[in-house]
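The values are calculated or read from the model by the stated rules, or taken from the named source; none is laboratory data. Everything numeric here is computed off the predicted structure, so don't read it as measured data. Ideal geometry is used to build each Cβ from the backbone, glycine not excepted, and the neighbour counts take in all protein chains shown. Accessible surface is based on the protein model in full, side chains and every heavy atom, while ligands, DNA and RNA are left aside. Shrake-Rupley method; radii C 1.70, N 1.55, O 1.52, S 1.80 Å.
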Amino acid sequence: MQHFQFYNPVKILFGAGQIANIASQIPQGSKVMMTYGGGSIKQNGVYKQVVKALSGFEFVEFSGIEANPRYETLMKAVEMVKRENVDFLLAVGGGSVIDGTKFIALATYFEGEDAYTICTQGVKVQKAVPMGAVLTLPATGSEMNNGGVISRESTHEKFAFSGGRHTFPCFSVLDPTVTLTLPKRQRINGVVDAFIHVTEQYLTYPVQADIQDRFSEGILHVLVDNGMKYIDNEEDMDAAANVMWACSMALNGLIAAGVPQDWATHRIGHEITAIAGLDHAQTLALVWPGLHRVMAESKREKLLQFGRRIWGVDTVEEAIARTEDFFRKIGEGTRFSDYPQVENPQAVIDEICRRFETRGTLLGEHADIDYIKTREILQGRL
Ligand code: NZQ
Ligand code: ZN
């Protein structure tokens with residue numbers, strides 16, 4: 001096992017009705033800014049519950065944070081935070097709203113020309129507006145980590161950032177009943193995203209980290225066992241609760257401690273979203289089988305362990321094929337041809353490889369996935 005420090009201060013309020021308890025988590029006398037997306041929270045009663053819970057606070061609202069949140073939109077929220085003297089942010093939504101709110105929290109204290117350098121150059125900001133979250137879509141784990149991913153409309157870029165200890169939410173509400181209104185597409189996306197978060201931290205090379213491996217395998221089994229039930233039956237609250245907690249556990253630092261990490265599927269996926277607009281999890285399901293085939297040799301031992309312990313199969317190829325079958329069975333496309341809205345996939349591949357060549361990008365746990373390997377991975381996904 002490698003050396004590590006583990007720190008996760010996020011307080012979780014789990015279960016139906018927990019939104020009512022947020023007032024006691026926010027410092028008395030705070031001026032709150034509630035952030036949300038395109039309005040799903042007004043249709044499913046979450047907005048009403050939050051407004052009721054905030055009745056003892058002065059608060060303002062910032063809505064319209066889009067899926068794959070945009071820098072341009074978030075900077076308008078930063079102006080509002082400053083103008084209104086906001087001192088607590090409450091994100092109510094999925095990964096996009098929570099990520100966007102973390103960025104607002106940091107960008108408020110950013111000094112300099114271009115706050116997007118927080119993402120592109122990893123510029124560190126030493127202070128952030130404190131925030132909490134009410135999660136409405138189990139998927140990203142953003143509710144229990146300090147990272148985010150922000151898109152820039154003007155340049156078609158999408159880059160991740162981490163705010164260190166400043167962007168962990170102080171608390172997150174995980175109420176599985178809020179998933180009742182989720183469209184199927186978002187349910188499928190959530191299961192795939194969490195599954196691949198686990199594999200990014202698990203399918204590398206062995207370092208005898210038994211706890212991390214067994215936790216990872218546990219999360220994968222829970223997603224496989226509950227995924228279909230959660231996707232097909234919105235009334236199944238046991239499945240929703242298990243998927244919700246699995247998604248948070250998949251990316252809260254626990255299984256990352258002391259092990260090598262990959263993240264190449266994510267980095268390539270972010271480019272596909274930035275250029276072609278596919279949902280985050282759709283890009284992951286598309287890249288994953290290709291990446292694991294091309295990198296099979298260096299991932300061989302962990303792929304065999306994964307195959308045996310998750311799918312009960314004995315070869316690397318079967319382990320990859322069974323995983324792709326799982327994505328397809330729950331309804332996620334795994335090839336460009338499954339997404340006819342991408343009119344020219346070859347142009348998307350060419351542009352990604354051009355960007356990686358220009359940037360000198362090297363991905364994966366061995367930093368050996370360059371633009372040439374990226375092309376090999378993606379050409380197999382047409
Ligand atoms: O905007 P509204 O109207 O709220 O609708 C949203 C949105 O259209 C809707 N939705 C959310 N909760 C709902 C609901 N509809 C009905 N009922 C509900 N209860 O779902 C749509 C998608 O929401 P979004 O927040 O975009 O989805 P997700 O949670 O999958 O987040 C994706 C974003 O997170 C980033 C991705 O790159 C992407 O930008 N990620 C963040 C990570 C992190 N912070 O750790 C890690 C991930 O790997 C990922 O990269
Ligand atoms: Zn993800």
Residue check, G39 against (1) modelled with pLDDT of 95 or more; (2) exposed (fewer than 13 other Cβ atoms within 10 Å of the Cβ), all met but one. Which one?
(1)
Reported set for the stretch 133-166 where residues are away from ligand 2 (no atom under 16 Å from the Cβ), open to solvent by 10 Å² or more (accessible area, probe 1.4 Å) and in a loop (DSSP other than H, G, I, E, B) is T136, E153, S154, T155, H156
Subset of the stretch 247-266 [surrounded by fewer than 23 Cβ atoms within 10 Å (Cβ to Cβ), in a loop (DSSP other than H, G, I, E, B) and either of a type in the set (F, W, Y) or within 11 Å of ligand 1 (Cβ to nearest atom) (or both)]:
N252, G253, W263
Return the only residue of V207, V243 being aliphatic (A, V, I, L, M), open to solvent by less than 50 Å² (accessible area, probe 1.4 Å), closer than 22 Å to L13 by Cα and in contact with a Pro (Cβ under 7 Å, 6 or more places away or on another chain).
V243
Just give me the residues in the stretch 324-366 being within 22 Å of Q201 (Cα to Cα), part of a loop (DSSP other than H, G, I, E, B) and either in contact with a Lys or Arg (Cβ under 7 Å, 6 or more places away or on another chain) or open to solvent by 50 Å² or more (accessible area, probe 1.4 Å) (or both), in sequence order.
T334, L362, H366
In the stretch 267-315, which residue that is in a helix (DSSP H, G or I), free of Cβ contacts under 8 Å to residues at least 24 places away in the same chain and more than 16 Å from ligand 2 (Cβ to nearest atom) is least open to solvent (accessible area, probe 1.4 Å)?
G307
Might you let me know whether the stretch 252-269 holds any residue that is aliphatic (A, V, I, L, M) and touching a Lys or Arg at 6+ places or on another chain (Cβ under 6 Å)?
no
